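To start, the structure under review is shown below, and the notes come after it.
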Amino acid sequence: MTIIATYNIKGGVGKTSTAVNLAFLAAQSNYKTLIWDLDPQGASSYYFRIKPKVKGGSKALIAGDRDLDGLIKATDFENLDLLPADFSFRNLDLVLDERKKPTQRLKKLLAPLSEEYDYIFLDCPPNISLLSEAIFEASDLLLSPIIPTTLSLRTLEQLKKHIKDNKLKNIQLLPFFSMADRRKKMHREIIESLAEQHPDILQSIIPYASDIERMGLERQPLGSYINKSRSVEAYQSLWQELLAF
Amino acid sequence: MTENTNYFEIPANLTIKKFISKLSKQVDLQIISQQYTIKTFYDSFDWRLYSANMLCEHKHSQKNSELRLVNNKTGQLLSSMETEQVPDFSQLFTDESFRQLLSPELQMRALLPLCHLSYEAYLINILNKDQKTILRLQVDEYELLNNRLQLLPLKGYEKAHQKIAQLLQDKFNLLPSASCTVLNEALKHQGRKPQDYSSKLSIKLKPEMRADKASQLIYKHLLHAIHINEAGTIDDTDSEFLHDFRVAVRRTRAGLSQIKNTLPAEIVAKYASFFAWLGQITGPTRDLDVYLLSYPNYKEVLPESLQDDIAPLYDFLMQKQQQAHNELAEKLKSPEYTKQLLEWETYLKQSLPKKGSTTEANQTIQELADLRIWKVYQRVLKEGGAIEAGSPPEALHDLRKTCKKLRYLMEFFQDLYPAQDIKRAIKSLKGFQAILGDFQDYEIQELSIKQFSEEMMANLVASNTLLAMGVLVQYLDVMKCKARNHFSEQFTLFVEAENKAMFTQLFKHKA
């Protein structure tokens, strides 16, 4: 089982669409896949038309009162399940803080699912908190979308420093460009200069595209309503890159 | 209603069109696909998958061809794969999970088509108000059988599953089906039923039955086994057709010699020689089948450095087996064989005279069974007791043959004795027979491999192959000696007081 977190300190960078579309591609390749919507806004639950509701809320979930497996919902796609968000997830930090070894908690909760799933995608809320620490502990890959802007680059530096300072050796940070608009000169320049400075940035670039934005209207992953487009190909290329890790 | 109410039979008067239209008035649904499908069930000739609660079905439609392995009791999918062609043997599957599931059950048996069914398959989604699928329905519209409906529950939507299952019972008067498959119904159309063939004997006899009538029944049973395995033997579908064919022949021979004087002497003489001939012409192919089946073991016992060198032996055995099998097939297609077997069949169909031709024929089968089993059991004790450390191999071979006769008699007549007791008696004999069988098999294999190496030398085979075969002969010899050394231990077990008392209690007092 490989756990992939889509994470960025900043919001609105394409974390959810990345998690949803990659999970969809993994499932299509016959991998048993789960996506865990950890964001109280419940965007990935929404994309799959699943009610953002968890019985007992964040408290029962973190306490382990409820078997994680019993909270999982099948999506409309074969091999792809979702653990929905809940509005109470806005308090996850506080709930975690009440536990012993809070940063180990998610890892422990996910362990029983290792037999059932090949890939678990964690769709994370934007911030650096106790929850993100727990996510870093639980994940194998930290997939971080970055919009090619100066500000986004600063947050990438912050994240790298955080990983280094906290000696998080078991996690691999995989930044990639997201919402890249080739028409914008600044985007093009940043992409070019950064590719040289940061060879760890993945090759695939997810474009800023209207078909990705349409996911909110269609309420389904991109690949299920569009067969071929630049965006579909970009996600496929990103998935292929991820398979190498 | 239980939670796993997943299968329903749709009555003949409710067409699928009507059903879907009626259902759409109750729930929001979406027909995802409708396709003409042909389903073929597969199993070995002796129902090994069915006996292991497995169903193997191949679904072929214009869009795809899928092979599925399903738990026969629960309907749970064990494995599935896309394939146009179904491999004949488990080891030919490229999909590992199929190989792992099938190999322990099928072993050397071929996977054969049992029956075909054609139907229109509908896949329907039931949606909630967010247009999210909460349950899937698979509706199969058959040409020959009643239509079937299967609920395919989705994780996390158990309530929807229960609600729809209840609706189907309350509003559509559908009854949950006990079985997850239509196999039984499909077989019924062919006049068959599951597990209608087994190599094990199960002959219904009544103790007071006249001995000649009972023996006629036994021979009819064995003749049926010969007939049913004939085509697979001629086609060489798998090695076990010939094996079961030979066992039926051997049992018939044992019957003719051991169920004494129930048939006229001239009949016994005529058919004893016919079945002896059948035993003889089938021998070489069976021996080669055994070597080929043992080949993986031959390879395994060699040092790793020689394991690849033994490969030419496999090719040699294959070639020889094909040659022997061709000769056998010719003989089994010959008028001589067909005529004699037909005459035997005609003879067995004749009604018996009001009074049997001999004293033995007029006995009850119970009297005759007690007498014969007890006598042959005594012979086993005598022959076994006479074997010492220095006795020649022939003594063990003779004892093995006597044991076989005893075993066949006990199996013919098992219906006449309390089931548990006769089972125990047969089991004790089986354990003892195994060691005699091993001794004989290793000896014959040792001799044959030696002989093959001479033949292969003439074909300029590589020296390492001969070396590997030499190591193999050494191994077979060690195993033979091991079996020989275990003989007295096994015989002591067989003649222990408790066993003796069991045989005495079952057969002697009546005899």
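The values are calculated or read from the model by the stated rules, or taken from the named source; none is laboratory data. Quick caveat, the model's predicted, so the values are computed rather than measured. No Cβ is skipped: glycine too gets one built from the backbone with ideal geometry, and neighbour counts run over all protein chains shown.
Selection of segment B:106-131 for residues being acidic (Asp, Glu) and surrounded by 19 or more Cβ atoms within 10 Å (Cβ to Cβ) yields an empty set.
Based on what the data block shows, is residue A:88 modelled with pLDDT under 95, of a type in the set (Ser, Thr, Tyr) and farther than 28 Å from residue A:215 by Cβ?
On the way: modelled with pLDDT under 95: yes; of a type in the set (Ser, Thr, Tyr): yes; farther than 28 Å from residue A:215 by Cβ: no.
When the stated conditions are applied, residue A:88 does not pass them.
Any residue that is surrounded by 18 or more Cβ atoms within 10 Å (Cβ to Cβ), among the β-branched types (Val, Ile, Thr) and closer than 22 Å to residue B:269 by Cα - is there at least one of those in segment B:350-365? Yes, segment B:350-365 contains a residue that is surrounded by 18 or more Cβ atoms within 10 Å (Cβ to Cβ), among the β-branched types (Val, Ile, Thr) and closer than 22 Å to residue B:269 by Cα.
Anything in segment B:147-166 that is part of a loop (DSSP other than H, G, I, E, B), more than 41 Å from the chain's Cα centre (by Cα) and hydrophobic (A, V, I, L, M, F, W, C)? List them, or say none. Reasoning before the result, please.
Residues of segment B:147-166 that are part of a loop (DSSP other than H, G, I, E, B), as a first pass: B:154-157.
With the extra rule that they be more than 41 Å from the chain's Cα centre (by Cα), the set shrinks to B:156-157.
Those that are part of a loop (DSSP other than H, G, I, E, B), more than 41 Å from the chain's Cα centre (by Cα) and hydrophobic (A, V, I, L, M, F, W, C): none in segment B:147-166.
Apart from one condition, residue B:394 fits all of (1) over 30 Å from residue B:205 (Cα atoms); (2) modelled with pLDDT of 95 or more; the exception is (2).
Assess whether residue B:461 counts as being buried (at least 17 other Cβ atoms within 10 Å of the Cβ) and within 24 Å of residue B:308 (Cβ to Cβ). Step through it out loud before you land on a result.
On the way: buried (at least 17 other Cβ atoms within 10 Å of the Cβ): yes; within 24 Å of residue B:308 (Cβ to Cβ): yes.
Yes; evaluated as a whole, the condition is true for this residue.
Answer yes or no as to whether residue A:149 is of a type in the set (Val, Ile, Thr), farther than 19 Å from residue A:14 by Cα and more than 17 Å from the chain's Cα centre (by Cα). Criteria not met by residue A:149. If the condition is being within 18 Å of residue A:208 (Cα to Cα) and in contact (Cβ under 8 Å) with a residue 40 or more places away in the chain, then segment A:221-245 contributes A:221, A:222, A:223, A:235, A:236, A:238, A:239.
When B:103, B:79, B:118 are screened for being assigned to a strand (DSSP E or B), away from every other protein chain (no Cβ under 14 Å) and small (Gly, Ala, Ser), only B:118 passes. Among the candidates A:17, A:88, single out the residue that is farther than 26 Å from residue B:31 by Cα, in contact with a Gly (Cβ under 6 Å, 6 or more places away or on another chain) and of a type in the set (Ser, Thr, Tyr). Of the residues listed, the single one that is farther than 26 Å from residue B:31 by Cα, in contact with a Gly (Cβ under 6 Å, 6 or more places away or on another chain) and of a type in the set (Ser, Thr, Tyr) is A:88. The set of residues from segment B:167-223 being in a loop (DSSP other than H, G, I, E, B) and among the hydrophobic types (A, V, I, L, M, F, W, C) comprises B:172, B:174, B:178, B:180, B:182, B:201, B:203, B:205, B:209.
The lone criterion from (1) under 30 Å from residue B:119 (Cβ atoms); (2) part of a helix (DSSP H, G or I); (3) touching a Phe, Trp or Tyr at 6+ places or on another chain (Cβ under 7 Å); (4) not hydrophobic (A, V, I, L, M, F, W, C) left unmet by residue B:253 is number (1).
Inside segment B:147-172, residues that are within 14 Å of another protein chain (Cβ to nearest Cβ) and closer than 17 Å to residue B:14 by Cβ make up a count of 1. Counting only helices (runs of 4 or more DSSP H) that sit wholly inside segment A:6-113, those with at least 3 residues that are more than 21 Å from residue A:178 (Cβ to Cβ), more than 13 Å from every other protein chain (Cβ to nearest Cβ) and touching a residue at least 12 places away in the same chain (Cβ under 8 Å) are A:57-63, A:92-97, A:105-110. Of everything in segment A:102-137 that is farther than 24 Å from residue A:48 by Cα and among the hydrophobic types (A, V, I, L, M, F, W, C), the residue that is modelled with the lowest pLDDT is A:128.
Close contacts from segment A:205-220, counting a first residue that is within 14 Å of another protein chain (Cβ to nearest Cβ) and free of Cβ contacts under 8 Å to residues at least 60 places away in the same chain and a second that is outside any strand (DSSP E or B) and surrounded by 19 or more Cβ atoms within 10 Å (Cβ to Cβ), with Cβ to Cβ under 9 Å and a gap of 6+ residues or different chains, come to A:218/A:47. Scanning segment B:84-104 for residues that are among the hydroxyl-bearing types (Ser, Thr, Tyr) and buried (at least 16 other Cβ atoms within 10 Å of the Cβ) returns a single hit, B:90. Do we have residue B:144 as assigned to a loop (DSSP other than H, G, I, E, B) and either out of contact with any Leu (no Cβ under 6 Å at 6 or more places or on another chain) or within 14 Å of chain A (Cβ to nearest Cβ) (or both) here? Yes: the conditions hold for residue B:144.
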